[in-house]
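As structure tokens, the structure follows; a few thoughts come after it.
The values are calculated or read from the model by the stated rules, or taken from the named source; none is laboratory data. The structure displayed is predicted, hence computed values, not measured ones. Cβ coordinates were reconstructed from backbone atoms using ideal geometry, including for glycine residues, and neighbour counts include every protein chain displayed.
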């Protein structure tokens with residue numbers, strides 16, 4: 001008879017998705033401004049022979065560079081929903097086409113206003129524009145590839161957490177104890193476990209509605225409630241929650257798992273997990289807190305999950321998202337802020 005180990009196969013890594021950056025993201029705009037202006041400064045240095053020449057050359061380049069850059073960011077911001085839906089190659093061609101049209105229009109306008117002799121040749125600006133676009137697209141592509149392994153790591157960590165004896169065996173025993181007394185509740189618990197495994201085994205790289213992530217959290221807490229019973233108390237403050245907000249999957253559930261494992265289980269009398277989710281100034285705030293005790297606490301285990309969640313938030317939202325953790329008196333609190341995005 002073949003053993004279980006003989007049938008196990010290593011999980012292949014998730015393929016890295018090549019995609020265009022989010023042109024409406026503040027982080028993209030800031031990075032594009034810095035990179036393009038550094039390229040303009042480099043061009044001024046290469047074309048000058050002294051400090052004064054460099055300054056004059058930089059002013060000459062900026063006279064056309066800044067309008068091109070600002071108009072380009074504005075157009076990409078407006079057209080972002082349409083461009084990001086295109087396949088990557090077609091999206092790149094669209095971006096290049098938009099940039100070349102912007103350069104041609106602004107160069108023509110300045111040539112008529114200042115005279116052709118006072119402006120750079122159109123061909124040179126076209127080449128520089130293509131080079132700048134290539135640098136930006138390669139940079140954001142490499143950045144995406146650098147952060148993408150976080151998805152595979154998150155999937156592996158979550159799956160390992162689910163199959164550890166601490167959770168799996170106790171949950172199964174809790175279900176077995178309910179089969180005769182409350183078969184319907186036992187059936188619901190098995191369905192919750194199946195849903196958890198289904199989500200964990202899926203390709204979780206696309207954003208999901210907040211209400212979907214919250215449903216998963218409730219299923220997880222219901223399973224933990226089976227064995228912890230009155231020791232686990234959960235308070236929800238979600239009256240102001242935007243259910244249609246898009247968030248990365250498996251962001252809140254691992255935090256709740258940490259809250260149970262690090263905050264409730266070590267305390268004999270149990271404790272309360274408080275979940276507060278609300279919308280403020282076009283930002284979704286999720287604040288989770290649980291009991292905290294310094295003595296005998298193993299909160300160091302939180303750091304790996306928090307680091308992974310930060311990386312995934314950065315990959316999706318860049319500078320517009322944040323995650324912070326702090327200890328307030330006898331509570332451990334995690335605060336996530338993400339921009340309000342919908343389908």
In the set 49, 54, 113, the lone residue that is outside any helix (DSSP H, G or I) and in the same structural domain as residue 34 (by TED's automatic domain parsing) is 49
In this structure, does residue 30 turn out to be crowded, with 18+ Cβ neighbours inside 10 Å, assigned to a helix (DSSP H, G or I) and in contact (Cβ under 8 Å) with a residue 40 or more places away in the chain? no
Among the residues that make up the range 245-259, is at least one of them surrounded by fewer than 19 Cβ atoms within 10 Å (Cβ to Cβ) and in contact with a helix residue (DSSP H, G or I) (Cβ under 8 Å, 6 or more places away or on another chain)? no
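Give the range 78-87 a look and list any residue that's closer than 14 Å to residue 29 by Cβ and surrounded by 14 or more Cβ atoms within 10 Å (Cβ to Cβ), or say none. Steps first, please.
Pass one, the range 78-87, residues closer than 14 Å to residue 29 by Cβ: 78, 80.
Hit for the range 78-87 is 80, nothing else.
Condition check ((1) within 15 Å of residue 208 (Cβ to Cβ); (2) touching a residue at least 12 places away in the same chain (Cβ under 8 Å)) across all residues:
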| position | (1), (2) |
| --- | --- |
| 243 | yes, yes |
| 265 | no, yes |
| 271 | no, yes |
| 289 | no, yes |
| 309 | yes, yes |
| 329 | no, no |
| 337 | no, yes |
Tell me, please, whether a residue that is in the same structural domain as residue 320 (by TED's automatic domain parsing), under 23 Å from the mean Cα position of the chain (by Cα), more than 29 Å from residue 19 (Cβ to Cβ) and surrounded by fewer than 20 Cβ atoms within 10 Å (Cβ to Cβ) can be found in the range 281-292. yes
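Kindly establish whether residue 198 is farther than 20 Å from residue 336 by Cα, out of contact with any strand residue (DSSP E or B) (no Cβ under 6 Å at 6 or more places or on another chain) and not in a helix (DSSP H, G or I). Please lay out each step first, then the result.
Working: farther than 20 Å from residue 336 by Cα: yes; out of contact with any strand residue (DSSP E or B) (no Cβ under 6 Å at 6 or more places or on another chain): yes; not in a helix (DSSP H, G or I): no.
The answer is no for residue 198.
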